[in-house]
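See structure below.
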Amino acid sequence: MLICGYNSITKKLEGTIIDEYVEEGEGHIRGNPADPDILIKSGIKDENILIVATESDDKNIYITLLARELNPQIKIGVIVKKSESVIKAYDAGADYVVLESELLGKELLKHLLSPKVANFMERVILSGELQLVGLKVPEFYVGKKIKNTDIREKIGLIIAIKRGEEVIKNPSPDMKLRKDDVLIFILHGKEINKMRGIMGQWILQKD
């Protein structure tokens, strides 16, 4: 996962951070994330996920445009400060947009990855558009490699897997799913009903 911008939110995430003010080293690339050469150097063409969260909404929107051009398949999540920037970010090619004021940060992921995760599915509302979803792997996927399932087509990209006490970020398509794995997704609210094809029921709004 690539992360554009270094701040109190992004420093809690696990991925490669691109920013003008970080020291070059493991997990950090020093440079302007709005520079296409820097994005290419960072490996954006081979990445699956990009988080854009600089201190400027205009810059975030520009980076989103660049990233979408460089890698049409990448999932792009954008954090913006102003509500009027939400539509602009979507228009630029973002898959998910979150208002910084509504972002609850890593505590949400901790909730989904805790031992108390629901037996089948747990959801946390990030904003009106974005939801974090944990799904216990259905039995008929156990033992299959991710690439040999239809999970991506039916639901979306798996961003992490909780396996016992271990959290596996950006799992390989060749990884075999195990019983009791919890698959973690980021989805639009309207995409939740994609779960019907796997779960056999409609997922209702969690109170």
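The values are calculated or read from the model by the stated rules, or taken from the named source; none is laboratory data. If you're wondering where the values come from, they're calculated on a predicted model, not measured in any experiment. Cβ placement follows ideal geometry from the backbone for every residue including glycine, while neighbour counts extend to all protein chains displayed.
Quick grid of which residues meet (1) closer than 23 Å to Leu157 by Cα; (2) touching a Cys at 6+ places or on another chain (Cβ under 9 Å); (3) outside the structural domain of Leu157 (by TED's automatic domain parsing):
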residue	(1), (2), (3)
Tyr6	no, no, yes
Glu26	no, no, yes
Asp37	no, no, yes
Lys45	yes, no, yes
Ile49	yes, no, yes
Val52	yes, yes, yes
Tyr62	no, no, yes
Val80	yes, no, yes
Glu84	no, no, yes
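Looking only at the stretch 1-37, filter to residues that are of a type in the set (Gly, Ala, Ser) and under 22 Å from Pro171 (Cα atoms); which one of those is farthest from the chain's Cα centre (by Cα)?
Of the residues in the stretch 1-37, the ones of a type in the set (Gly, Ala, Ser) are 5, 8, 15, 25, 27, 31, 34.
Right, trim to under 22 Å from Pro171 (Cα atoms) and you get 15, 27.
Details: Gly15: 11, Gly27: 17 Å.
Top of the filtered list is Gly27.
Of all the listed residues (Asp180, Asp174), the sole one being out of contact with any strand residue (DSSP E or B) (no Cβ under 6 Å at 6 or more places or on another chain), modelled with pLDDT of 55 or more and either in a loop (DSSP other than H, G, I, E, B) or under 30 Å from Glu84 (Cα atoms) (or both) is Asp180. Of the conditions (1) in contact with a Lys or Arg (Cβ under 8 Å, 6 or more places away or on another chain); (2) not in a helix (DSSP H, G or I), Thr54 satisfies every one except a single condition; which number is it? Of the numbered conditions (1) in contact with a Lys or Arg (Cβ under 8 Å, 6 or more places away or on another chain); (2) not in a helix (DSSP H, G or I), the odd one out for Thr54 is (1). Scanning the stretch 184-200 turns up at least one residue that is surrounded by 18 or more Cβ atoms within 10 Å (Cβ to Cβ), at pLDDT 80 or above and touching a helix residue (DSSP H, G or I) at 6+ places or on another chain (Cβ under 8 Å).
So that you can scan it fast, the table gives a plain yes or no per residue for (1) in a helix (DSSP H, G or I); (2) modelled with pLDDT of 90 or more; (3) surrounded by 14 or more Cβ atoms within 10 Å (Cβ to Cβ):
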residue	(1), (2), (3)
Lys11	yes, no, no
Leu39	yes, yes, yes
Asp58	yes, yes, no
Thr64	yes, yes, yes
Ala67	yes, yes, yes
Ile76	no, yes, yes
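Can Ile29 be described as within 30 Å of Ile161 (Cβ to Cβ) and in a helix (DSSP H, G or I)? Judged against the criteria, Ile29 is not a match.
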